[in-house]
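The values are calculated or read from the model by the stated rules, or taken from the named source; none is laboratory data. Given the structure is predicted, the values throughout are model-derived calculations rather than measurements. Ideal geometry is used to build each Cβ from the backbone, glycine not excepted, and the neighbour counts take in all protein chains shown. What goes into the accessible areas is simple: the full protein's heavy atoms, side chains included, and nothing from ligands, DNA or RNA. Shrake-Rupley method; radii C 1.70, N 1.55, O 1.52, S 1.80 Å.
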Amino acid sequence: MRLGLIREVDGRDLARRQGATTTTAWLRDRYRLSGGTAARQVRLAAALHGGLPKTVEALAAGTVNLEQAQVIAAAVPTLPGHVRAEGEEFLVGQCAVFGPRELGRLTSRLLDVVAPQVAERQAAQQFGPGRGPCPRRPVPVSDRRAGPGEGAVDRVAGSGVRRRGPGGDRPVVRTPTGR
């Protein structure tokens, strides 16, 4: 209800009529809020008014809190128009399990969940055909029989590779002096 009232104050320009420069400044001064909190509330009220009906319903029902709603309001507009409703519905459903921090992490891969084909096309456009966001990089490798060579290992596979010393048996140990 509060966000609806904030949107109403902002839409009718009541803050300026009462001498404030913005709705954020009006909220800050009238209710002794921090500037950041007031600004977040004004942005959230505008975002909810702009087309997040499931989030508004969930806020009213108490199944989504303000911080979760802010995460949803930031993530959904980044989706292509035809999958925004599905993305919003998915995130609102995840609010029963995840807090705002974890929900924010989910939003980084939201397009992969709601529209995997679109996500693949975007990755192909960004990274080139057949390449994903984790490109293969040349890594020096050594085979005692074949001699030094070069191969390619992606970041995920390369995370398990341990660096070995000159003899190949022992790991390289670094000391604070760099030796």
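Values as computed for the structure displayed
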| read-out | value |
| --- | --- |
| When residues of the stretch 46-69 are limited to those that are surrounded by fewer than 21 Cβ atoms within 10 Å (Cβ to Cβ) and of a type in the set (S, T, N, Q), the one nearest to the chain's Cα centre (by Cα) | Asn65 |
| Filter result (surrounded by fewer than 17 Cβ atoms within 10 Å (Cβ to Cβ) and assigned to a helix (DSSP H, G or I)) within the stretch 74-88 | Ala74, Pro77, Thr78, Gly81, His82, Ala85, Glu86 |
| Whichever residue in the stretch 95-112 is touching a residue at least 12 places away in the same chain (Cβ under 8 Å), closer than 18 Å to Ala58 by Cα and of a type in the set (A, V, I, L, M) and, among such residues, is surrounded by the fewest Cβ atoms within 10 Å (Cβ to Cβ) | Ala96 |
| Positions within the stretch 25-73 being under 24 Å from Leu14 (Cα atoms), among the polar types (S, T, N, Q) and assigned to a loop (DSSP other than H, G, I, E, B), in sequence order | Ser34 |
| Which numbered condition Thr21 fails, given (1) within 30 Å of Ala123 (Cβ to Cβ); (2) not in a helix (DSSP H, G or I) | (1) |
| Residue identified as open to solvent by 70 Å² or more (accessible area, probe 1.4 Å), without any contact (Cβ under 8 Å) to a residue 12 or more places away in the chain and under 28 Å from the mean Cα position of the chain (by Cα) among Arg17, Arg28, Arg43, Arg32 | Arg28 |
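This table checks each residue for (1) under 25 Å from Glu88 (Cα atoms); (2) at pLDDT below 90; (3) of a type in the set (Gly, Ala, Ser).
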site: Met1; (1), (2), (3): yes, yes, no
site: Gly4; (1), (2), (3): yes, yes, yes
site: Val9; (1), (2), (3): no, no, no
site: Arg12; (1), (2), (3): no, no, no
site: Arg30; (1), (2), (3): no, no, no
site: Ser34; (1), (2), (3): no, no, yes
site: Ala39; (1), (2), (3): yes, no, yes
site: Ala45; (1), (2), (3): yes, no, yes
site: Gly51; (1), (2), (3): yes, yes, yes
